[in-house]
Amino acid sequence: MERRDRVVALAGGVGGARLAHGLLLALGDESPYERIDPADAQPSPIYPLTVVCNTADDFDLYGLRISPDCDTVLYTLAGLANPETGWGIAGDIANALDMLRRYGAEIWFWLGDRDLATHILRTERLRAGWPLSAVMRAFGQALGVQANLLPMCEEPVATLLRTSEGELAFQEYFVRRRQNDTVLGVRFEGIEQARVSGAVRDAITQAQAIIFCPSNPFVSIGPVLAVPGMRDLIVAASAPKVAVSPIVGGAAIKGPAAAMLASMGYEVSAYGVATLYAGLIQGFVIDRADAADAARIEALGIRVFVTDAVMRDQVGRERLAREVLRFAEEL
Ligand code: FO1
């Protein structure tokens with residue numbers, strides 16, 4: 001990509017954060033702009049990468065506001081993420097959680113002590129009237145993150161899942177009940193009040209590539225696209241739009257995407273994901289294991305790039321990100 005590229009990544013969950021990290025590594029030697037041309041210096045840096053992050057997983061626990069997907073992107077881009085889980089902070093310990101347990105509090109969501117600091121300060125600042133984007137910007141700056149991390153919206157939105165056991169809040173389904181329920185439908189409470197912020201609008205409008213990370217299309221990318229006006233904004237943007245498949249060889253790389261595709265009536269394949277993004281993207285990156293799907297995906301009007309779509313380590317993230325950017329340039 002050129003020196004002045006602006007790339008927007010739509011992300012949620014661990015897979016999204018990992019590709020966002022790859023994009024940061026791939027674009028890293030170009031950031032921030034003022035390092036390239038001092039005459040263009042801005043009062044605050046404009047980074048080549050903007051990550052628009054799902055916030056519909058956000059919830060309250062022990063009086064604290066928790067934003068798991070924003071934090072997963074924050075920690076991953078800061079090089080702090082726990083490499084095993086993909087979420088939380090590497091080496092974190094849970095003394096506070098142990099004490100909560102002694103007090104008889106219910107413990108079902110693992111919160112490390114360092115991670116708790118993030119939730120404490122976020123909650124204080126939100127109560128003081130900061131928008132979530134300002135909280136995340138301050139966290140990013142403090143941790144040296146060389147990218148713009150934007151929540152999909154400032155307003156609270158909550159993913160609710162319709163299951164045979166009734167409607168479940170997202171973390172109730174995902175963590176407490178270990179994704180064991182069959183998901184029959186998804187809705188985003190509060191989405192009608194959500195707005196595309198000026199910062200998200202500018203990033204998408206000015207983008208030279210828009211990347212849909214290999215995140216769950218229903219509960220990670222779905223809420224981002226459901227913000228009123230977001231889908232139209234993305235469709236109208238001049239940038240090429242490329243998605244990376246979260247499904248490889250008929251299974252999700254991580255999480256419940258495959259089970260959700262099946263229970264919501266879609267084919268459990270890269271093709272199934274492509275049908276969800278048809279009309280939105282021009283390019284789709286799939287794994288070699290799914291090369292046989294390429295012709296059917298291209299018949300949807302989407303160009304296909306076949307590669308190793310699994311990010312096994314940091315080198316793999318950067319390699320996949322470079323391939324995605326090169327593919328976007330060709331579209
Ligand atoms: N995911 C889990 O499966 N179990 C947990 O205990 C857990 C704790 C947790 C704490 C902080 C955080 O930022 C994320 C955490 N996650 C946990 C991941 C979280 O549920 C995310 O919403 C999912 O990864 C979906 O994006």
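Readers should treat all values here as calculations from the given coordinates under stated rules, not as data from a laboratory. In this text, all values refer to a predicted model and were calculated from it rather than measured experimentally. Positions of Cβ are backbone-derived with ideal geometry, glycine not excepted, and every protein chain shown enters the neighbour counts.
Odds and ends about this structure:
- Of all residues in region 73-84 being surrounded by 24 or more Cβ atoms within 10 Å (Cβ to Cβ) and under 15 Å from M311 (Cβ atoms), the one that is farthest from the ligand (Cβ to nearest atom): L77
- Residues in region 85-106 that are within 13 Å of the ligand (Cβ to nearest atom), on the phi < 0 side of the Ramachandran plot and not aliphatic (A, V, I, L, M): 4 in all.
- Residues (touching a Phe, Trp or Tyr at 6+ places or on another chain (Cβ under 9 Å), away from the ligand (no atom under 13 Å from the Cβ) and within 21 Å of G16 (Cα to Cα)) located in region 173-197: V186
- Count of residues meeting criterion [under 16 Å from the mean Cα position of the chain (by Cα) and within 16 Å of the ligand (Cβ to nearest atom)] in region 137-170: 9
- Of the residues examined, A239 is one that is farther than 30 Å from L160 by Cα, small (G, A, S) and touching a helix residue (DSSP H, G or I) at 6+ places or on another chain (Cβ under 9 Å).
- Taking region 107-136 as the range and being surrounded by 15 or more Cβ atoms within 10 Å (Cβ to Cβ), within 16 Å of the ligand (Cβ to nearest atom), in a loop (DSSP other than H, G, I, E, B) and among the hydrophobic types (A, V, I, L, M, F, W, C) as the test, the residues that pass are F109, L111.
- Test result for A258, closer than 19 Å to A294 by Cα, within 14 Å of the ligand (Cβ to nearest atom) and of a type outside the set (S, T, Y): no
- If only residues of region 57-72 that are part of a loop (DSSP other than H, G, I, E, B) and among the hydroxyl-bearing types (S, T, Y) are counted, the one that is farthest from the ligand (Cβ to nearest atom) is Y62.
- From V219, V268, V200, residue being farther than 23 Å from E323 by Cβ and within 16 Å of the ligand (Cβ to nearest atom): V219
- Residue check for V244: crowded, with 21+ Cβ neighbours inside 10 Å and touching a residue at least 24 places away in the same chain (Cβ under 8 Å): yes
- Hey, A328 surrounded by 21 or more Cβ atoms within 10 Å (Cβ to Cβ), outside any strand (DSSP E or B), touching a Gly at 6+ places or on another chain (Cβ under 9 Å) and hydrophobic (A, V, I, L, M, F, W, C) or not: yes
- Restricting A169, A147 to those that are touching a residue at least 60 places away in the same chain (Cβ under 8 Å), surrounded by 19 or more Cβ atoms within 10 Å (Cβ to Cβ) and touching a Phe, Trp or Tyr at 6+ places or on another chain (Cβ under 8 Å) reduces the list to A147.
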